[in-house]
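A quick write-up on the structure given underneath.
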Amino acid sequence: MTEEIKVALIGLDTSHTVEFVRRMQAPDCPPDQRAEGLCAATCLRFSTPFLDEDGLDARQRLLENWGVKVVTRFEEATAGCGAVMIEINDPARHLEYFTRCTALGRRIFLDKPLAGTLTDGRAIYKLARAQNTEFFSASSLRFVPQLTAACTAVPTPVFATMYGPLGHAPAGSSIVWYGVHTFEMLQRAMGRGAESIWVRKHATGLTAVVRYNNNRHAVVELNRDAWQYGGCLHDRQQAVPFVAETGRMYTDLLERVAEFFKGGPRPVLPEDTLEIMAMLDATQRSFDSGAEERLDG
């Protein structure tokens, strides 16, 4: 039997920390939701605007019941770990902790979004290259089977529509923080090549038109209080719609994290993730200006 990889989790302000640990080692996790090969050993706790102390206390008790040691010192959290999952809801803290984690020489999964700003995202990308750090960052929506099936049916779309929620970030950009899910689906389907974005605000959120090279384009809808994800991919012969079923999304992502931590290839290239950050940045700038904004490459 292959020995489990001991994982250090950085951050307790996101429900993802709980959901990933549940699938690693909670006794009551359904067998079809369990991801094998990982064991959460430690979790670093600190405060952010995204969860109050009572919420952190509740999550700490739950993790401790599942055998995770929750600590407040980075060195203690990462000692003896075989890999790191940066699970911080506040994307403004991602660069800070990614920088600290690169010194460990371990593989890193950095939960979505890559960073709070495109500037920070570029800094993470450059640091990883300079330190030869193996990492990837992704939203779980990128791997839902319905999107994968649509991408198989329409591998080279000329047009796409995507929709998803626009959450309210307690700090920073809500577009970056929650719009990342929908733009990750878009980037998975369309690949690289986005050039500009024009946003129109409306009563429940925004509509963004994304222009690509080779005369391709896409429309992204982000809506408040509408928690469904989906879209439609078009080529010149067909249109293939999909609705994302999210019941296994954490397991689907965690299985890819496990394979990566075991030495497998990155499921998402950093260049793809950096383009997502550039799209989110252009969307926020267009939302603020009302004008079409080119991606800041």
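The values are calculated or read from the model by the stated rules, or taken from the named source; none is laboratory data. Predicted model only: the values in this text are computed from it and were never measured. Heads up, the Cβs are rebuilt from the backbone with ideal geometry, glycines too, and the neighbour counts pull from every protein chain shown.
The residue of segment 67-93 that is farthest from Gly11 (Cα to Cα), among those that are assigned to a loop (DSSP other than H, G, I, E, B) and among the charged types (D, E, K, R), is Arg73. The numbered conditions (1) under 19 Å from the mean Cα position of the chain (by Cα); (2) under 30 Å from His168 (Cβ atoms); (3) in contact (Cβ under 8 Å) with a residue 40 or more places away in the chain are all true for Leu51 except (3). Candidates are the residues of segment 76-106 that are in contact with a Phe, Trp or Tyr (Cβ under 9 Å, 6 or more places away or on another chain) and acidic (Asp, Glu); the one that is farthest from Ala40 (Cα to Cα) is Asp90. For the structure I just gave you, tell me whether Met277 is touching a Gly at 6+ places or on another chain (Cβ under 8 Å), buried (at least 18 other Cβ atoms within 10 Å of the Cβ), within 17 Å of Asp111 (Cβ to Cβ) and among the aliphatic types (A, V, I, L, M). Yes.
Please return the ranges of strands (runs of 3 or more DSSP E) entirely within segment 105-215 where 1 or more residues are of a type outside the set (Val, Ile, Thr) and more than 26 Å from Thr251 (Cβ to Cβ).
Counting at least 1 such residues, we get 159-165, 194-202, 205-212.
Would you confirm whether any residue within segment 122-136 is under 29 Å from His168 (Cβ atoms) and of a type in the set (Gly, Ala, Ser)? Yes, the conditions are met somewhere in segment 122-136.
The numbered conditions (1) part of a helix (DSSP H, G or I); (2) touching a helix residue (DSSP H, G or I) at 6+ places or on another chain (Cβ under 8 Å) are all true for Glu96 except (2). Residues in segment 1-39 that are in a strand (DSSP E or B) and surrounded by fewer than 23 Cβ atoms within 10 Å (Cβ to Cβ): Ile5, Lys6, Cys39. Assess whether Ala79 counts as being in contact with a strand residue (DSSP E or B) (Cβ under 9 Å, 6 or more places away or on another chain) and in the same structural domain as Phe183 (by TED's automatic domain parsing). Criteria not met by Ala79.
Residue-by-condition table, conditions (1) touching a Leu at 6+ places or on another chain (Cβ under 9 Å); (2) farther than 19 Å from Thr161 by Cβ:
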residue	(1), (2)
His181	yes, no
Met185	yes, no
Val209	no, no
Arg224	yes, no
Asp252	no, yes
Leu269	no, yes
Met277	yes, yes
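Against the condition at pLDDT 95 or above and crowded, with 21+ Cβ neighbours inside 10 Å, how does Tyr125 come out, does it pass? No: the conditions fail for Tyr125.
Considering Thr283, Thr246, Thr273, the condition of being more than 30 Å from Ala8 (Cα to Cα), β-branched (Val, Ile, Thr) and not in a strand (DSSP E or B) is satisfied by Thr283 alone.
If only one of Ala138, Ala115, Ala194, Ala203 is more than 18 Å from the chain's Cα centre (by Cα) and touching a residue at least 24 places away in the same chain (Cβ under 8 Å), which one is it?
Residue meeting the stated conditions: Ala194.
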